[in-house]
Structures are given as C-alpha cells and as structure tokens.
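Okay, structure first, notes after.
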C-alpha cells in the first residue's frame, strides 16, 4: 500500500535524486524548466508517494501566467522510480494532485509530456494551440487541461513564470 502526502522541505534532496533517476542528466535543459527558473513550486500542490516509508514518486506544480495576466499551473515533473513504473503510482499522484488543484479553485493546467499518457486525465493539445512556450518543444507534447469548463476559451499568448523568488 502507498501513501500520498504533501512534500516536506526536508525531502527536497530525495525528490531531486528521484527526478535524476527518472529523467536523466539532461532534464534541466528542457524548455519547461525555463518556466521554473527563479520560481518556487506551489507547496500546496507538491506531493510525494511513499511505499513502506520509501519515496517512490513525486509530482510538483508551478505558477505560470499566460500573456502576463492569466494564471495557470505548470504540471511537472511527475516522476516514479524507474523500477516502479506500471504500478499505478503516477496515476495515483495525478488524480490526487488534480483533485486538489480543482479543490483550490485553479482553473487551467499546462504541461509538456506524453500525449497518450496524459490524455487519460483529460489533457488535450487543443487547449494549448494558441499558447507559446519560451523555447523549443514538440507541439503535440504541449497539452492543457481545463479544471473549470471554458477556462482556455479565448486564452492566447506567451507562457511565463508567475512569481519570482524574493531576493
């Protein structure tokens, strides 16, 4: 049996190690990481999954804005220990975190990821067709989800970080 809980500050190094194992050394060069530079993740939407007390998965969300005025969430990374792929841990983290994001009244979520995987949660390319990321990305992997019906209606423009770290 697994347990999902909010990520604690003292778990940051273990989560980073898990991310390195799941995605490899080139993960920080990806376009989606440009949106995370100098920004804190939303602690109320960062979760870990543990099995018998051992970290096996993690998910984080980041605040972004579209056209410098429309708030959105950037989902990612979602990581599961490589040896635990296929056990449903990623699905459990997705369902739990999206339910919490909706409960907290967030309206829209974007991500760059595998369309076949994320389609099961309602993510679609049509929501991001009029959005621009700050770097290269395969267009079919840039997906969005409406947590509130119609949340992407009329939304267009560049995606950027929403909040900067305090100096």
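All of the numbers you see were taken from the coordinates with simple rules; none came from a lab. On a predicted model such as this, the values are computed, not experimentally measured, just so you know. Methodologically, a virtual Cβ is constructed for each residue, glycine included, from the backbone with ideal geometry; neighbour enumeration extends over all protein chains shown.
Things worth noting here:
- Calculated [θ] (222 nm, deg cm²/dmol) that DSSP helices of n ≥ 4 give over the chain, each run adding -39,500 (n - 2.57): -6000 deg cm²/dmol
- In degrees, nearest ten, helix 12-23 long axis to first principal axis of the chain (Cα): 80 degrees
- The stretch between residue 137 and residue 83, if pulled fully straight at 0.36 nm per residue, gains 16.7 nm over its current Cα-Cα span.
- Fluctuation leader among 88, 57, 157 - the chain, Gaussian network, Cα springs under 10 angstrom: 88
- On Cα atoms only, tilt of 89-103 relative to the major axis of the chain in degrees: 50 degrees
- The chain: most fluctuating residue of 153, 96, 140 per GNM, C-alpha cutoff 10 Å: 153
- Were the residues from residue 3 through residue 99 laid out at 0.36 nm apart, the gain over their Cα-Cα distance would be 33.0 nm.
- Estimated D of the chain in µm² per second, where Rh is the Kirkwood radius over Cα pairs and Stokes-Einstein applies at 37 °C, 0.692 mPa s: 203 µm²/s
- For the stretch 2-161, the relative contact order is 24 percent, taking Cα pairs closer than 8 Å that sit 6 or more residues apart in sequence and dividing their mean separation by the residue count.
- For the peptides 8-21, 38-51, residues were scored by their other Cβ atoms within 10 Å and the scores averaged per peptide; the highest-first order is 38-51, 8-21.
- The slack in the chain from residue 126 to residue 23, taken as 0.36 nm per residue of separation less the alpha-carbon distance, amounts to 34.4 nm.
- Computed from the C-beta positions of residue 14 and residue 44, the FRET efficiency with R₀ = 25 Å rounds to 0.80.
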